[in-house]
Number of protein chains: 2
Amino acid sequence: MSKSQLTLTPVETAACCSPLMREPLSADQAERVAPLMKALADPVRLRLVSIVAASEGGEACVCDLNDAFDLSQPTISHHLKVLHDAGLLDRSKRGVWVYYAVRRDVLSDIAALVGGSA
Amino acid sequence: MSKSQLTLTPVETAACCSPLMREPLSADQAERVAPLMKALADPVRLRLVSIVAASEGGEACVCDLNDAFDLSQPTISHHLKVLHDAGLLDRSKRGVWVYYAVRRDVLSDIAALVGGSA
DNA sequence: CTCAGACATCGACATCTGTCAATATTGATC
DNA sequence: GATCAATATTGACAGATGTCGATGTCTGAG
């Protein structure tokens with residue numbers, strides 16, 4: 001069902017071309033971009049991204065993120081995994097703590113695709 | 001930039017403020033923005049939006065949209081309803097045909113929120 | 001080595017979502 | 001009015017998703 005060896009990551013795809021307004025997305029393009037949008041299409045994950053992005057140094061410890069929500073630790077961990085798997089968050093372990101950082105280039109790519117240059 | 005009272009629609013919320021990078025979204029803000037992202041977070045709907053946006057006059061007839069996919073007519077109708085309910089597509093009936101048009105301002109707002117000014 | 005804390009993974013569950021076939025609704029035409 | 005074509009709505013169903021409690025894994029401290 002999938003193409004042979006398309007080396008384009010979702011990021012690159014989103015980065016490359018059509019601002020969604022100019023020319024129709026191909027089915028393949030849509031299939032690659034949708035997961036990125038899906039990862040963002042949740043209130044908790046939106047807040048997670050914004051908290052991380054707005055944090056000092058552009059990164060935040062999981063311990064802090066847990067405290068910001070009224071949700072269980074596994075649930076937060078799950079959302080962070082979704083964002084990380086989608087390529088929206090970078091993950092780095094320092095000692096016992098894990099820090100997540102927003103990949104601003106990916107967010108910019110999404111924005112460019114959705115909003116065009118409008 | 002100025003804010004009115006309290007009855008913020010998702011659109012207005014997305015339009016108004018924090019580019020997601022500067023300051024954390026409130027729970028309320030996130031709850032209002034997420035549905036917009038959710039509506040876009042599907043390959044079929046992404047393609048629908050792009051097809052409509054790229055069409056002559058910025059609008060497209062449902063009959064054309066049906067032909068562009070290998071999906072049943074009710075399924076396309078359902079996706080169009082999701083996009084319309086989210087406020088991403090305008091709907092106008094002319095005779096027997098129904099035309100959908102992209103609300104570019106809404107897309108721009110989403111883009112501004114996600115991508116900030118980066 | 002053992003222990004405690006930070007985070008991830010697992011298993012289960014209720015809810016949401018995408019899809020279709022069948023049917024209803026609406027408008028133009030005969 | 002009867003009929004046909006274009007869309008929408010309904011009902012059903014499989015699969016995805018968000019959440020939790022329980023448990024596993026790693027790492028630093030003692």
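Laboratory data are not the source of any read-out in this text; all were calculated from the coordinates shown. Bear in mind the structure is a predicted one, so any value in this text is a computation, not a measurement. Virtual Cβ from ideal backbone geometry, glycine too; neighbours counted across all protein chains shown.
For the condition within 13 Å of DNA strand C (Cβ to nearest atom) and of a type in the set (A, V, I, L, M), what is the one hit in B:Val98, B:Val33, B:Val102? Even if it seems obvious, please write down each step before you answer.
Details: B:Val33 fails: within 13 Å of DNA strand C (Cβ to nearest atom); B:Val102 fails: within 13 Å of DNA strand C (Cβ to nearest atom).
Of the residues listed, the single one that is within 13 Å of DNA strand C (Cβ to nearest atom) and of a type in the set (A, V, I, L, M) is B:Val98.
Give all pairs with beta carbons closer than 8 Å in which a residue from segment A:92-104 that is under 11 Å from A:Val62 (Cβ atoms) meets a residue that is charged (D, E, K, R) and exposed (fewer than 11 other Cβ atoms within 10 Å of the Cβ); count only pairs at least 6 apart in sequence or on separate chains. Qualifying pairs under 8 Å: A:Tyr99/A:Lys93. A residue that is within 12 Å of DNA strand D (Cβ to nearest atom), in contact with a helix residue (DSSP H, G or I) (Cβ under 9 Å, 6 or more places away or on another chain) and of a type in the set (S, T, N, Q) occurs nowhere in segment B:84-101. The C-beta contact set for segment B:59-80 (first residue farther than 16 Å from B:Pro43 by Cβ, second residue small (Gly, Ala, Ser) and surrounded by 16 or more Cβ atoms within 10 Å (Cβ to Cβ), distance under 9 angstrom, 6+ apart or interchain) comprises B:Glu59/B:Ala101; B:Ala60/B:Ala53; B:Ala60/B:Ala54; B:Ala60/B:Ala101; B:Cys61/B:Ser55; B:Asp64/B:Ser55. Scanning segment B:59-93 for residues that are part of a strand (DSSP E or B), farther than 19 Å from B:Lys38 by Cβ and within 14 Å of chain A (Cβ to nearest Cβ) gives B:Glu59, B:Ala60. You will find that of A:Glu23, A:Glu56, the residue that is over 10 Å from the mean Cα position of the chain (by Cα), more than 13 Å from DNA strand D (Cβ to nearest atom), at the interface with chain B (Cβ under 7 Å from one of its Cβ atoms) and not aliphatic (A, V, I, L, M) is A:Glu23 and no other. Identify the residue in segment A:41-50 that is within 14 Å of DNA strand C (Cβ to nearest atom) and within 8 Å of another protein chain (Cβ to nearest Cβ) and, among all such residues, is nearest to A:Ser92 (Cα to Cα). It comes out as A:Val44. The lone criterion from (1) surrounded by 13 or more Cβ atoms within 10 Å (Cβ to Cβ); (2) away from DNA strand D (no atom under 15 Å from the Cβ); (3) of a type outside the set (A, V, I, L, M) left unmet by B:Ser77 is number (2).
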